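Undergrad: Below is one structure. I have some questions about it.
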């Protein structure tokens, strides 16, 4: 008879947690505004929403929804024509992302922003790396309350002419530090760290 302490026991190894490399593009913005974000599969979809807010320098003032085929997750809503499930109840692993090429994120329906999210790669958690991690990107996120894509392009044209009335108005509204060409990865990743686990 084998005693409890003599057997080797089951050594079933749990597979390493996966990491998704996501490329996020703000739809219809020219020049392109994009980020590459590395996230753990255990991340709640609501935390991905918070991360998107950080990487594009938005303030979570508006409603949002992730759109995956006929599924919607975000601010919960049930109407005759629309159902949005709570994104606090779903992890990225639940979405079968390794078999999904892309999905979208809508922020402020109507004159808001649409972000195309492409799954670029599936890997494993790297030792010593803190997730989420913004690995790359170009240009500043469009200002949240500027009126949508068309108004944003008008804004960019106006601030190129700072001596005009509209140019001065936009620059005053944006603040002196706004640079549409800037994407400060260090600042973004510092803000992502503050999200906590």
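The values are calculated or read from the model by the stated rules, or taken from the named source; none is laboratory data. All of these numbers come straight from a predicted model, not from anything done at the bench. Virtual Cβ from ideal backbone geometry, glycine too; neighbours counted across all protein chains shown.
Undergrad: Name the single residue, out of those in the range 153-190 being in a helix (DSSP H, G or I) and touching a strand residue (DSSP E or B) at 6+ places or on another chain (Cβ under 9 Å), that is surrounded by the most Cβ atoms within 10 Å (Cβ to Cβ).
TA: Going through the range 153-190, the residues in a helix (DSSP H, G or I) turn out to be 153-159, 165-174, 185-190.
Those left that are additionally touching a strand residue (DSSP E or B) at 6+ places or on another chain (Cβ under 9 Å): 185, 188-189.
Working: 185: 15, 188: 22, 189: 16.
Only one residue tops the list, namely 188.
Undergrad: Buried (at least 20 other Cβ atoms within 10 Å of the Cβ) and on the phi < 0 side of the Ramachandran plot, is that true of residue 27? Full working, then the answer.
TA: Details: buried (at least 20 other Cβ atoms within 10 Å of the Cβ): no; on the phi < 0 side of the Ramachandran plot: yes.
No: the conditions fail for residue 27.
Undergrad: Which of the residues belonging to the range 41-76 are surrounded by 19 or more Cβ atoms within 10 Å (Cβ to Cβ) and assigned to a strand (DSSP E or B)?
TA: 64, 65, 66, 73, 74
Undergrad: Could you say which residue among 51, 46, 106 is under 11 Å from the mean Cα position of the chain (by Cα) and within 22 Å of residue 128 (Cα to Cα)? Steps first, answer last, please.
TA: On the way: 46 fails: within 22 Å of residue 128 (Cα to Cα); 106 fails: within 22 Å of residue 128 (Cα to Cα).
Only one candidate qualifies: 51.
Undergrad: Do the conditions hold for residue 80, that is, is it out of contact with any strand residue (DSSP E or B) (no Cβ under 7 Å at 6 or more places or on another chain), outside any strand (DSSP E or B) and within 21 Å of residue 25 (Cβ to Cβ)?
TA: Values: out of contact with any strand residue (DSSP E or B) (no Cβ under 7 Å at 6 or more places or on another chain): yes; outside any strand (DSSP E or B): yes; within 21 Å of residue 25 (Cβ to Cβ): no.
No: the conditions fail for residue 80.
Undergrad: Identify, from the list 85, 98, the residue that is out of contact with any helix residue (DSSP H, G or I) (no Cβ under 8 Å at 6 or more places or on another chain), in a helix (DSSP H, G or I) and more than 24 Å from residue 194 (Cβ to Cβ).
TA: Details: 85 fails: in a helix (DSSP H, G or I).
Only one candidate passes the filter, namely 98.
Undergrad: Okay, moving on. Of all the residues that make up the range 119-142, how many are in a loop (DSSP other than H, G, I, E, B) and either touching a residue at least 60 places away in the same chain (Cβ under 8 Å) or in contact with a helix residue (DSSP H, G or I) (Cβ under 6 Å, 6 or more places away or on another chain) (or both)? Steps first, answer last, please.
TA: The initial filter retains those residues of the range 119-142 that are in a loop (DSSP other than H, G, I, E, B), namely 125-132, 139-142.
Cutting the leftovers down to either touching a residue at least 60 places away in the same chain (Cβ under 8 Å) or in contact with a helix residue (DSSP H, G or I) (Cβ under 6 Å, 6 or more places away or on another chain) (or both) gives us 125-126, 129-132, 139-142.
Result for the range 119-142: 10.
One line per residue, one yes/no per condition, for (1) modelled with pLDDT of 95 or more; (2) within 17 Å of the chain's Cα centre (by Cα); (3) surrounded by fewer than 19 Cβ atoms within 10 Å (Cβ to Cβ); (4) under 23 Å from residue 180 (Cβ atoms):
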| site | (1), (2), (3), (4) |
| --- | --- |
| 88 | yes, yes, yes, no |
| 100 | no, yes, yes, no |
| 115 | yes, yes, no, yes |
| 120 | yes, yes, yes, no |
| 123 | yes, no, yes, no |
| 138 | yes, yes, yes, yes |
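Undergrad: Here is a list of conditions, (1) free of Cβ contacts under 8 Å to residues at least 12 places away in the same chain; (2) more than 23 Å from residue 23 (Cα to Cα); (3) part of a loop (DSSP other than H, G, I, E, B), and residue 147 meets all of them except one; can you say which number that is?
TA: (1)
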